[in-house]
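What follows is a set of notes on a single structure, which appears directly below.
The values are calculated or read from the model by the stated rules, or taken from the named source; none is laboratory data. Values in this document were obtained by computation on a predicted structure and should not be read as measured data. Reconstructed Cβ throughout: ideal geometry from the backbone, glycine too, with neighbour counts over all protein chains shown. SASA here: full protein model, heavy atoms, side chains in, ligands and nucleic acids out. Shrake-Rupley method; radii C 1.70, N 1.55, O 1.52, S 1.80 Å.
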Amino acid sequence: MPTVRPFGASVKRLEDPKYLLGRAQYVDDVRLPDTVSVAFVRSQHAHARIKSVDVRTALEIPGVLRVMTGDEAAKVCKPIRVEWGKGKLDIKYKACDFYPIAVKKVGFVGDIVAAVVATNRYVAEDGVEAVEVDYDPLPAVVDPEKAMEKGSPLVHEEWGDNIMLTSTIKNGDTEMAFREADVVVKGRFVMNRHCASPMEGRAVLAHFDAVLDKMTVWTSTQMPHMVRTKIADYVGFPEHKIVVIGGPDVGGGFGLKCHIFPEELALCILTRELRRPVKWIEDRRENLYGSYHAKDEICYVELACKKDGTILGIKTKFVGDVGAYTSYPWTPSFEPLQAALATPGPYKIRNVHMDAVAVATNKTTSSVYRGVGLPAAQYTMEHILDLAAAKLKMDPAEIRRKNIMSTKDFPCVSATGLDYDSASPLESLEMGLKMVEYDKFRKEQAEARKQGKYLGIGISSMIEMTVFGFDYWRNAGLKSVTGYDSAHIRVDPNGGVTLAMGTHNHGQGHPTVFAQLVADGIGCAIEDVRLLGHDTSNSPYGWGTWGSRAAVAGGGAVIKAAEKIRQKMIRVAANLLEASPADVELVEGKYQVKGVPSKALSVKEIARAAVYTADLPENEEEPGLEASYYYKAPTPYANSTHIVVVEVDPETGKVKFKRFVVIEDCGKMINPMIVDGQIAGGVAQGLGLAMYEHLQYDESGQILTTSLMDYLIPSAGDVPHLEFGHMETLCPVSVGGIKGMGEGGAVAPPPAVANAIADALSPLAGWKSIDKLPMSPEVVYRQVANA
């Protein structure tokens, strides 16, 4: 065993050879005999009544086996629906039904109208073309603010309006704060609609075995157990007879794949009826208009400050365009609600008035995607801070120093009621400013301006809610999801370890980091730990991987289960070594008598004794060496600071990155190398939100961005070199001092980039701000032209 503890070491990822050698297995790689393919008839109307669906011509095509309509599906499958219970937050919410195949009406372009089953996908697509749907078009509403007006077309007539959720969060005396303010800064910021673009789109293979009365579903998901439960609930098939396999490998998720989808339910219906395996693989076009979208928020903000830059209060109103239906388990309204809760961030603000409104429109349903709610909150807070600094003639770094919290301010409760356990916002800011040589840059910037060069620097400091633990969901009142996770460890007679978990790896490095935690806990080698695939038949019930939760919730369960194993190994070793358990300790992979290194046993020796039982104390120790733990996770808060230096060409709008510094504090790092990789991937997605990605609709609800020629995502060449700095403020409420960190990389870049561009172009007469994303060259050019 190495002398360096595995917990905290930069260990190369154990799982990478499989991917590098092309040996990963995704849903489409699973081949079953007699498998048939599914393609979906999707609405070309944003809003319309379905008068009839004629499938006769499609059924005449050789190879087409079945065409299922919404009316038929509704007889055997309940609609997706989410109810919202009572919590501490002031929330008014309306539920709606989302049928796996539309019944009576369609709500967006891409809404499923029928499912065609054929011998292969090519024939299924021919069948889709042959299905004749008679629509009665209805007026569509695509602007969320117009959707709130009286007389607007209704997405759900039973509601009487288009408001899915409203919530108001107040603290202190905001009105007094604004009366006493020396300066009030206002803004209206628009965050673009975009979506997750995983390398592997959504994919489902469902197989009903009539002999065994068993259903197996391979699906590209982040939450296999939740999918299994909802299939049972909606399709009415016993859950203990359902196996859901996440993948086996999943080519990215980013929040998109932590839902139950209509397509999964449709395939479960079809396989039960046809008694053959049925497969559907999402193409990129379906991904862009049929998968869930994200963000698409408008924020009105007012910030009240004193002359010295002290923030007195803030008012915001987030209007979230959530699309046509609900999503399970979160509901789309989680996005604007989370934005309102998160806006104060790491700043000492006590007087707040936050409104959140979720508005239904005739667009694709919007739900969670990396950083849900936080990007809009971060963009709002950090950009309005820069506008306030400009109005006060302060440096952006100074107004942050004036208001940001430091380690000594924690623990505390934020103005919106979030329990901040620990963080290092000021210290991280100062580290970032030092790394980027902030004062030196300001001098270089002044010289560059004399030469006609437009350099700018932007800061984005954030605090990130991670895990979403038990208390969070209890306060919110949303009962469709919870805050624990699970681990089961089994040691075989030769010292090998099998680990099964409720979290789900789809690129985060779980086989490596959780092996490190097991090795650290029981003294085995990292290479001796095998993480099972994400199969609900061999893993304990858990809530998957999303919301920066795996390291804390899953890792906490692993640490606790390993503690159980270690204590038993100590007792077994003590019996074999003829010592008291209190005198046995784990040192570098050996269980030895304290002070007597020669009296020691290896993990393998103890495991053999525990499993074979001959050397166990009679009637004192249960045979075997395995343990489970279900960990009720807290809600820790990580923090980070991103500082960006850019050069902008006002004649073309092109933005060139000169520096990109990231300071991350995620508590005790399990594997710093993987932490850096997570940050880098997040930054790439954050840059996509900031500069490239934009799902656009016309006034009739037709989506205009249905290919990667129209919907741009950053390539490797678009992501700048990243410079990392780390702090480790141990979390006082989690096992091992760990915090999550999966969202921050994606959340902080948009305002940092916006602030840098605005800073670069600030010498232009008439220049105002960056009030709309994305900041493509065209957008920047037009804003320069209008200055």
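Applying the selection to the range 4-40, what residues are open to solvent by less than 70 Å² (accessible area, probe 1.4 Å) and among the aliphatic types (A, V, I, L, M)?
Those that are open to solvent by less than 70 Å² (accessible area, probe 1.4 Å) and among the aliphatic types (A, V, I, L, M): ALA9, VAL11, LEU14, ALA24, VAL27, VAL30, LEU32, VAL36, VAL38, ALA39.
Where in the range 379-496 are there helices (runs of 4 or more DSSP H), lying wholly inside it, with at least 2 residues that are open to solvent by less than 30 Å² (accessible area, probe 1.4 Å) and either modelled with pLDDT of 95 or more or closer than 30 Å to GLY523 by Cβ (or both)?
Fully inside the range 379-496 and qualifying: 396-403, 425-435, 438-450.
In the range 299-346, which residue that is small (Gly, Ala, Ser) and within 19 Å of MET191 (Cα to Cα) is farthest from the chain's Cα centre (by Cα)? Break it down into steps so the answer makes sense when it comes.
Quick first cut of the range 299-346, residues small (Gly, Ala, Ser) only: 304, 309, 313, 320, 323-324, 327, 333, 339-340, 342, 345.
With within 19 Å of MET191 (Cα to Cα) added as a condition, the list becomes 320, 323-324, 333, 339-340, 342, 345.
Numbers: GLY320: 18, GLY323: 19, ALA324: 21, SER333: 15, ALA339: 14, ALA340: 18, ALA342: 15, GLY345: 18 Å.
So the residue we want is ALA324.
State all residues of the range 548-578 that are part of a loop (DSSP other than H, G, I, E, B) and either at pLDDT below 95 or open to solvent by less than 10 Å² (accessible area, probe 1.4 Å) (or both); if no residue qualifies, say none.
ARG549, GLU578
Would you list the strands (runs of 3 or more DSSP E) that sit entirely within the range 190-298 and hold 1 or more residues that are basic (Lys, Arg) and in contact with a helix residue (DSSP H, G or I) (Cβ under 9 Å, 6 or more places away or on another chain)?
214-219, 278-281
Suppose the filter is open to solvent by 50 Å² or more (accessible area, probe 1.4 Å), in a loop (DSSP other than H, G, I, E, B) and under 27 Å from GLY544 (Cβ atoms); does LEU730 pass it?
yes
Before we move on, is PRO375 surrounded by 24 or more Cβ atoms within 10 Å (Cβ to Cβ) and farther than 25 Å from HIS694 by Cα?
Taking the combined requirement at face value, the residue does not satisfy it.
Here is a list of conditions, (1) closer than 26 Å to GLY371 by Cβ; (2) surrounded by fewer than 22 Cβ atoms within 10 Å (Cβ to Cβ); (3) in contact with a Gly (Cβ under 8 Å, 6 or more places away or on another chain); (4) of a type outside the set (Phe, Trp, Tyr), and LYS656 meets all of them except one; can you say which number that is?
(3)
What are the residues in the range 469-489 that are in contact with a helix residue (DSSP H, G or I) (Cβ under 9 Å, 6 or more places away or on another chain) and aromatic (Phe, Trp, Tyr), if any?
The one that is in contact with a helix residue (DSSP H, G or I) (Cβ under 9 Å, 6 or more places away or on another chain) and aromatic (Phe, Trp, Tyr): TYR484.
What residue, of PRO751, PRO774, is within 30 Å of GLU286 (Cβ to Cβ) and touching a helix residue (DSSP H, G or I) at 6+ places or on another chain (Cβ under 6 Å)? Break it down stepwise before answering.
Details: PRO751 fails: within 30 Å of GLU286 (Cβ to Cβ).
So the residue among PRO751, PRO774 that is within 30 Å of GLU286 (Cβ to Cβ) and touching a helix residue (DSSP H, G or I) at 6+ places or on another chain (Cβ under 6 Å) is PRO774.
Would you pick out the residues in the range 735-754 that are closer than 22 Å to LYS656 by Cα and either part of a loop (DSSP other than H, G, I, E, B) or free of Cβ contacts under 8 Å to residues at least 12 places away in the same chain (or both)?
Hit for the range 735-754 is ALA748, nothing else.
Could you please find all residues in the range 235-261 being under 17 Å from VAL204 (Cα atoms) and among the charged types (D, E, K, R)?
Selection gives ASP249, LYS257.
So, in the range 711-727, exactly how many residues are without any contact (Cβ under 8 Å) to a residue 40 or more places away in the chain and loosely packed, with under 14 Cβ neighbours inside 10 Å?
Total satisfying the criteria: 3.
Any chance you could count how many residues in the range 231-252 are crowded, with 24+ Cβ neighbours inside 10 Å and either out of contact with any Pro (no Cβ under 6 Å at 6 or more places or on another chain) or among the hydroxyl-bearing types (Ser, Thr, Tyr) (or both)?
The number of residues fulfilling the criteria is 3.
Kindly list the number of the only condition in (1) open to solvent by 10 Å² or more (accessible area, probe 1.4 Å); (2) on the phi > 0 side of the Ramachandran plot; (3) of a type in the set (Lys, Arg) that fails for LYS315.
That leaves (2) as the condition not met.
Which ones in the range 579-590 are part of a strand (DSSP E or B) and over 20 Å from GLU620 (Cα atoms)?
Within the range 579-590, GLU585, LEU586, VAL587, LYS590 qualify.
Looking at (1) buried (at least 19 other Cβ atoms within 10 Å of the Cβ); (2) modelled with pLDDT of 95 or more; (3) more than 18 Å from SER220 (Cβ to Cβ), find the lone condition where THR536 falls short.
The number of the failed condition is (3).
Suppose we filter LEU695, LEU708, LEU687 for residues that are open to solvent by 50 Å² or more (accessible area, probe 1.4 Å) and in contact (Cβ under 8 Å) with a residue 60 or more places away in the chain; which single one remains?
Just one listed residue meets the conditions, LEU708.
Of all residues in the range 733-760, which are surrounded by fewer than 23 Cβ atoms within 10 Å (Cβ to Cβ) and either among the small types (Gly, Ala, Ser) or in contact with a strand residue (DSSP E or B) (Cβ under 6 Å, 6 or more places away or on another chain) (or both)?
Those that are surrounded by fewer than 23 Cβ atoms within 10 Å (Cβ to Cβ) and either among the small types (Gly, Ala, Ser) or in contact with a strand residue (DSSP E or B) (Cβ under 6 Å, 6 or more places away or on another chain) (or both): GLY736, GLY737.
Can you tell me how many residues within the range 90-142 are among the small types (Gly, Ala, Ser) and closer than 13 Å to VAL67 by Cα?
6
If you scan the range 358-372, which residues turn out to be closer than 22 Å to ASP771 by Cα, assigned to a loop (DSSP other than H, G, I, E, B) and open to solvent by less than 10 Å² (accessible area, probe 1.4 Å)?
Within the range 358-372, just GLY371 meets the criteria.
Criterion first (buried (at least 23 other Cβ atoms within 10 Å of the Cβ) and within 21 Å of the chain's Cα centre (by Cα)) does MET191 satisfy it?
So MET191 passes the test.
Considering only the range 588-602, I want to know if a residue exists there that is closer than 30 Å to CYS731 by Cβ, crowded, with 18+ Cβ neighbours inside 10 Å and touching a Leu at 6+ places or on another chain (Cβ under 9 Å).
yes
Just a yes or no: is a residue in the range 32-46 over 21 Å from ALA115 (Cβ atoms) and in contact with a helix residue (DSSP H, G or I) (Cβ under 6 Å, 6 or more places away or on another chain)?
No, the conditions are met nowhere in the range 32-46.
For the range 164-187, indicate whether the set of residues that are touching an Asp or Glu at 6+ places or on another chain (Cβ under 6 Å), closer than 27 Å to LYS18 by Cα and buried (at least 16 other Cβ atoms within 10 Å of the Cβ) is non-empty.
No, the range 164-187 contains no residue that is touching an Asp or Glu at 6+ places or on another chain (Cβ under 6 Å), closer than 27 Å to LYS18 by Cα and buried (at least 16 other Cβ atoms within 10 Å of the Cβ).
Assuming ASP355 fulfils every condition listed in (1) of a type outside the set (Lys, Arg); (2) under 17 Å from ALA476 (Cα atoms); (3) open to solvent by less than 10 Å² (accessible area, probe 1.4 Å) apart from one, which condition is it?
Only one criterion in (1) of a type outside the set (Lys, Arg); (2) under 17 Å from ALA476 (Cα atoms); (3) open to solvent by less than 10 Å² (accessible area, probe 1.4 Å) is unmet by ASP355, namely (3).
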